[in-house]
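Data block below; observations after.
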Amino acid sequence: MQAAGAIGVFDSGVGGLSVLHHIRQTLPDERLIYVADSGHVPYGDKSPAFIEARALAITRFLISQGAEAIVIACNTATAAAAHTLRVKFNKMPILAMEPAVKPAIAATQSRVVGVLATVGTLQSARFAALLEKYGGWRVKIETQGCPGLVEQVERGELHSARTRELIVRYTAPLLRKGADTLILGCTHYPFLAPLIRDVVGEDIKLIDTGAAVARHLMHRVKAELPPRVSGGGSEAFFTSGDAEQASLIMSMLWGKKVTVERLPNDYL
Ligand code: DGL
């Protein structure tokens with residue numbers, strides 16, 4: 001019997017697992033396949049052309065494994081590659097992430113919103129277009145690139161002194177400018193939310209897009225994909241980096257022991 005169709009999810013590394021958690025909760029019966037492009041992390045300092053090539057290779061791999069829909073669980077890869085993936089694979093749902101500016105505008109009372117994201121996301125044309133779209137809302141949007149934070153999550157350092165130091169460095173300028181709402185504009189950052197909360201205090205709102213993307217995916221699965229197999233829920237994990245190291249970190253972030261396989265050479 002052919003395996004049921006799957007949902008393919010990828011990120012530059014382990015950050016997309018923050019989105020996969022929401023997808024698992026929202027779609028308990030789906031077969032989920034996750035690719036961490038750990039051999040090339042971080043994407044934040046890579047060229048858009050490089051990221052686009054990686055996104056294409058990983059999407060082809062996911063389709064070879066039975067994926068019927070793709071979730072780009074990475075803001076930086078969305079900025080660099082969502083358009084191309086949607087053109088090339090125009091028969092399948094391609095879901096993507098972008099910093100949650102609209103919900104943050106709805107949440108702010110100080111009328112200053114801070115965006116924490118990778119330099120790649122903040123420099124992208126897609127992000128400029130997003131700012132332009134909400135330019136007339138009389139809310140100031142202040143941005144802060146966060147080099148090094150993705151790497152801390154990749155190492156599993158969710159509470160270390162070094163991670164705290166980086167969070168203090170990146171949040172302080174936004175708070176000084178009056179932000180009362182911070183957008184976690186990179187899928188690695190929700191794993192740092194407890195530490196960010198500890199640094200910025202209880203009164204600052206933290207906004208992340210994972211749950212909204214999972215809900216959107218559920219609607220598209222129902223509307224566009226063949227009927228699902230109930231009870232078929234499972235997860236498979238792949239990496240372009242070191243499989244043993246990825247198994248350790250991903251088990252910690254996923255909350256149970258998982259075995260991560262190395263991507264076949266054709267997709268590295
Ligand atoms: N999780 C990716 C994002 O959402 C991190 C990108 C990177 O590797 O720099 O932007």
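The values are calculated or read from the model by the stated rules, or taken from the named source; none is laboratory data. All of these numbers come straight from a predicted model, not from anything done at the bench. FYI the Cβ positions are ideal-geometry reconstructions off the backbone, even for glycines, and counts take in every protein chain you see. Ligands, DNA and RNA are excluded from the accessible area calculation, which covers all protein heavy atoms including side chains. Shrake-Rupley method; radii C 1.70, N 1.55, O 1.52, S 1.80 Å.
So which residues in the stretch 1-52 are among the charged types (D, E, K, R) and more than 15 Å from the chain's Cα centre (by Cα)?
Kept after step one, since they are among the charged types (D, E, K, R), are these residues of the stretch 1-52: 11, 24, 29-31, 37, 45-46, 52.
The answer is Asp29, Glu30, Arg31, Asp45, Lys46, Glu52.
Going by the conditions given, is Glu132 among the acidic types (Asp, Glu), open to solvent by 10 Å² or more (accessible area, probe 1.4 Å) and away from the ligand (no atom under 13 Å from the Cβ)?
Here the answer is yes, as Glu132 does meet what is asked.
In the stretch 175-187, is there at least one residue being in a helix (DSSP H, G or I) and under 17 Å from the mean Cα position of the chain (by Cα)? Lay out the reasoning, then the answer.
Let us first name the residues in the stretch 175-187 that are in a helix (DSSP H, G or I), namely 175-176.
Cutting the leftovers down to under 17 Å from the mean Cα position of the chain (by Cα) gives us none.
Among the residues of the stretch 175-187, not one is in a helix (DSSP H, G or I) and under 17 Å from the mean Cα position of the chain (by Cα), which makes the answer no.
Sort through Leu217, Leu206, Leu192 and tell me the only one that's among the aliphatic types (A, V, I, L, M), surrounded by 14 or more Cβ atoms within 10 Å (Cβ to Cβ), at pLDDT 95 or above and under 15 Å from Cys146 (Cα atoms).
Leu192
How many residues does the stretch 25-49 hold that are within 12 Å of the ligand (Cβ to nearest atom) and hydrophobic (A, V, I, L, M, F, W, C)?
So the answer is 2.
Against the condition touching a residue at least 24 places away in the same chain (Cβ under 8 Å), open to solvent by 10 Å² or more (accessible area, probe 1.4 Å) and of a type outside the set (Gly, Ala, Ser), how does Arg86 come out, does it pass? First the steps, then the outcome.
Numbers: touching a residue at least 24 places away in the same chain (Cβ under 8 Å): no; open to solvent by 10 Å² or more (accessible area, probe 1.4 Å): yes; of a type outside the set (Gly, Ala, Ser): yes.
Criteria not met by Arg86.
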